[in-house]
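Quick note: the coordinates plus some simple rules give every number you see, no bench work behind them. From a predicted model like this one, the values you see are computed outputs, not experimental measurements. Cβ: placed from backbone, ideal geometry, glycine included. Neighbour counts: every protein chain shown.
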Amino acid sequence: MLKSIQIESFFIEIGELTYFARRFFKELFKKPFEFNELLKLCYSIGNKSFLLVGITGFIIGLVITLQTRPTLEEFGAESWMPSMVSISIIREIGPVIIALTFAGRIASGIGAELGSMRVTEQIDAMEVSGTNPFKFLVVTRILATTLMLPLLVIYGDAIALYGSYIVENLKGEVSFQLYFNKVFNAIEFGDIIPATIKTFFFGFAIGLVGCFKGYNCKKGTVGVGLAANSAVVFSSMLLFIIDFVAVFITDIFFEI
Amino acid sequence: MNEAQNIQEIKESTRIRKPILEIKDLRKSFGNNHVLNGFNLQLFEGENLVIMGKSGSGKSVMIKCLVGLMQADSGSIKVMGNDINTLNEHDLNELRTEIGFLFQGSALYDSMTVRENLEFPLRRHKHKFGIVKEKTPLVIEALESVGLVDAIDLMPAELSGGMQRRVALARTLILKPKIILYDEPTSGLDPITAKEIIELMRRIQREYKTSSLIITHDVDCARVVSERMVLLVDGINYAEGTFETLKNSNDEKVKAFFK
Ligand SMILES: Nc1ncnc2c1ncn2[C@@H]1O[C@H](COP(=O)(O)OP(=O)(O)OP(=O)(O)O)[C@@H](O)[C@H]1O
Ligand SMILES: [Mg+2]
């Protein structure tokens, strides 16, 4: 019984989220464009996640290389390391893990920020002072996450590859030049482009869910905590769904 | 001044002054919770009207319907001759420049400084002042009228509750509204600070010549600022009159307010 109620409320939630997304696209092209606010948000979002994404990326690179190396060594195939690691990082592991850390940092932040603005009537105050709060708060935030996540993923991927190179350099004495030569020989546009397109959708989903939860926050401090928390849970889940769909589509068009 | 004279006076003034704000038969329910059941109200130009009601009686809901933050189920709301339900977004925003709204909890933007808080309403309302190149004089003028010029570069979190309320008041004043709606201006403040805010409201009323709608359950506040009062009970305008007439009323529900 409980299960069926949960499932029902999940689909209601998806419906409301879709409605919220539709409103985003409607308001996106309406004047005025809050360009200054968008720049400010891009800066603060990038600034907040820069270090986190860097560290995450570096560790991904280290760990993958350290763990894969013994297996490849067994087959005497260490020379494949750079190409293997770079493809798996760029196609899948980089975007997904970085997007997940980004969701933890940014979706919860947006959820809590908008949630407390809703609860303390700041959003109402904006509306009565003649500024469309949806445009000013929601549209700008969703745009900012959509634009910033791809950049952060590229940056995180680069750091991950560098981390992987360090392991290779220490264990297999591979030079920087040789390592990245192999990497760039292995990577094709078919790896980079779908993976980058995917990250735009990840960024969009994270911003959308964060704003959705915060903007529709229930009254009280409990509501704010709940908004922040469920923003992370819901957006992480959405990331995996988008990832699955993206891999599915890429499979059709690029025939991996 | 005796009661009959008082009533006579009100009748006189109502006949001469025209309502700047008019609510007719306002109804609003949340599911089975019928909050407003046909509420009527007229606010006349230059008047200080106090609305009293118990906590949860729907005062905030009513005032939010007034500015279009909430959609009423039925009934008409006219502000300066415009029915707010039929206005499009642009006209509604334009009308909102004439209505100042002081929120129950001040509602300052806590990520912005006091200066940015005050500048915020100016960014959209170019038609009223033209394009405001130099916003600082307007900001300082508004802060001066609440006596807080020194706080201009502080964050809201650095202010006390009373100061926050004054900054919020300055923010509603900056557009020089014709009507100011106060949602419990003295709630959560100590009696002395509350008195200061009340004094401030009276001064603003004189200086800016606004019409004010004041929601409160603070009897002291009501006595000092009200020219006329409306009691909101069971979702309707249960009783109307001056503070004195209502205070001397024999109706049980009315008496309960003045105990
Ligand atoms: N968004 C909402 N959804 C559902 N119910 C609401 C909503 N807003 C208000 N209510 C209900 O409407 C009733 C009136 O609320 P309102 O906030 O207007 O009270 P109030 O008269 O302002 O009280 P107070 O003096 O405590 O501020 C309450 O019973 C409240 O539960
Ligand atoms: Mg209230």
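What do you reckon, is A:Lys182 out of contact with any strand residue (DSSP E or B) (no Cβ under 8 Å at 6 or more places or on another chain), more than 16 Å from ligand 2 (Cβ to nearest atom), outside any helix (DSSP H, G or I) and not β-branched (Val, Ile, Thr)? For A:Lys182, the condition - out of contact with any strand residue (DSSP E or B) (no Cβ under 8 Å at 6 or more places or on another chain), more than 16 Å from ligand 2 (Cβ to nearest atom), outside any helix (DSSP H, G or I) and not β-branched (Val, Ile, Thr) - is not met. For A:Phe176, state whether it is within 14 Å of chain B (Cβ to nearest Cβ), aromatic (Phe, Trp, Tyr) and either in contact with an Asp or Glu (Cβ under 7 Å, 6 or more places away or on another chain) or free of Cβ contacts under 8 Å to residues at least 24 places away in the same chain (or both). No.
Is it true that A:Met126 is within 13 Å of A:Glu37 (Cβ to Cβ), crowded, with 20+ Cβ neighbours inside 10 Å and either touching a Phe, Trp or Tyr at 6+ places or on another chain (Cβ under 6 Å) or within 11 Å of chain B (Cβ to nearest Cβ) (or both)? Considered against the rule, which asks whether it is within 13 Å of A:Glu37 (Cβ to Cβ), crowded, with 20+ Cβ neighbours inside 10 Å and either touching a Phe, Trp or Tyr at 6+ places or on another chain (Cβ under 6 Å) or within 11 Å of chain B (Cβ to nearest Cβ) (or both), A:Met126 comes out as yes. Scanning segment A:118-137 for residues that are in contact with an Asp or Glu (Cβ under 8 Å, 6 or more places away or on another chain) and assigned to a helix (DSSP H, G or I) turns up A:Gln122, A:Pro133, A:Phe134, A:Lys135, A:Phe136.
Listed here are the residues, each with its yes/no results for (1) in contact with a helix residue (DSSP H, G or I) (Cβ under 6 Å, 6 or more places away or on another chain); (2) of a type in the set (A, V, I, L, M, F, W, C).
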{"residue": "B:Val50", "(1), (2)": "yes, yes"}
{"residue": "B:Ser55", "(1), (2)": "no, no"}
{"residue": "B:Gly68", "(1), (2)": "yes, no"}
{"residue": "B:Gln71", "(1), (2)": "no, no"}
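Of all the residues in segment B:207-223, those that are surrounded by fewer than 17 Cβ atoms within 10 Å (Cβ to Cβ) and farther than 20 Å from B:Met80 by Cα number 4. Here the condition is being among the basic types (Lys, Arg) and not in a helix (DSSP H, G or I); of A:Lys48, A:Lys31, A:Lys3, A:Lys40, it holds for A:Lys31 alone.
Taken as a whole, segment B:129-136 holds no residue that is crowded, with 20+ Cβ neighbours inside 10 Å, assigned to a helix (DSSP H, G or I) and of a type in the set (Val, Ile, Thr). Restricting to segment A:109-120, and then to whatever is surrounded by fewer than 22 Cβ atoms within 10 Å (Cβ to Cβ) and within 11 Å of another protein chain (Cβ to nearest Cβ), can you tell me which residue is farthest from the chain's Cα centre (by Cα)? Here the residue is A:Thr120. Only one of the listed residues (A:Ile98, A:Ile106, A:Ile159) is surrounded by fewer than 24 Cβ atoms within 10 Å (Cβ to Cβ), of a type outside the set (S, T, N, Q) and under 29 Å from A:Val247 (Cα atoms). That residue is A:Ile159. Condition test on B:Asp110, is it over 24 Å from B:Arg203 (Cα atoms), away from ligand 1 (no atom under 16 Å from the Cβ), surrounded by fewer than 17 Cβ atoms within 10 Å (Cβ to Cβ) and touching a residue at least 40 places away in the same chain (Cβ under 8 Å)? Spelling it out, B:Asp110 is indeed over 24 Å from B:Arg203 (Cα atoms), away from ligand 1 (no atom under 16 Å from the Cβ), surrounded by fewer than 17 Cβ atoms within 10 Å (Cβ to Cβ) and touching a residue at least 40 places away in the same chain (Cβ under 8 Å). Kindly indicate which of B:Gly46, B:Gly100, B:Gly75, B:Gly58 is in contact with a strand residue (DSSP E or B) (Cβ under 6 Å, 6 or more places away or on another chain) and within 10 Å of chain A (Cβ to nearest Cβ). When all the criteria are applied, what remains is B:Gly100. Annotation: of all residues in segment B:45-97 being buried (at least 19 other Cβ atoms within 10 Å of the Cβ) and in a strand (DSSP E or B), the one that is nearest to ligand 1 (Cβ to nearest atom) is B:Gly53.
For segment B:18-65, taking the residues that are over 19 Å from the mean Cα position of the chain (by Cα) and charged (D, E, K, R), the one that is nearest to ligand 2 (Cβ to nearest atom) is identified as B:Lys28. Please list, ordered by residue number, the helices (runs of 4 or more DSSP H) wholly in segment B:167-259 having 3 or more residues that are under 14 Å from the mean Cα position of the chain (by Cα). By residue number, B:191-208, B:219-225.
Scanning segment A:17-38 for residues that are hydrophobic (A, V, I, L, M, F, W, C) and farther than 9 Å from A:Lys135 by Cα yields A:Leu17, A:Phe20, A:Ala21, A:Phe25, A:Phe29, A:Phe35, A:Leu38. Residue count for segment B:28-44 satisfying the condition of being away from ligand 1 (no atom under 14 Å from the Cβ) and in contact with a Leu (Cβ under 8 Å, 6 or more places away or on another chain): 5. Among residues belonging to segment B:174-196 that are among the β-branched types (Val, Ile, Thr), buried (at least 20 other Cβ atoms within 10 Å of the Cβ) and farther than 18 Å from B:Leu232 by Cβ, point out the one that is farthest from ligand 2 (Cβ to nearest atom). Filtering segment B:174-196 for residues that are among the β-branched types (Val, Ile, Thr), buried (at least 20 other Cβ atoms within 10 Å of the Cβ) and farther than 18 Å from B:Leu232 by Cβ, the one farthest from ligand 2 (Cβ to nearest atom) comes out as B:Ile174.
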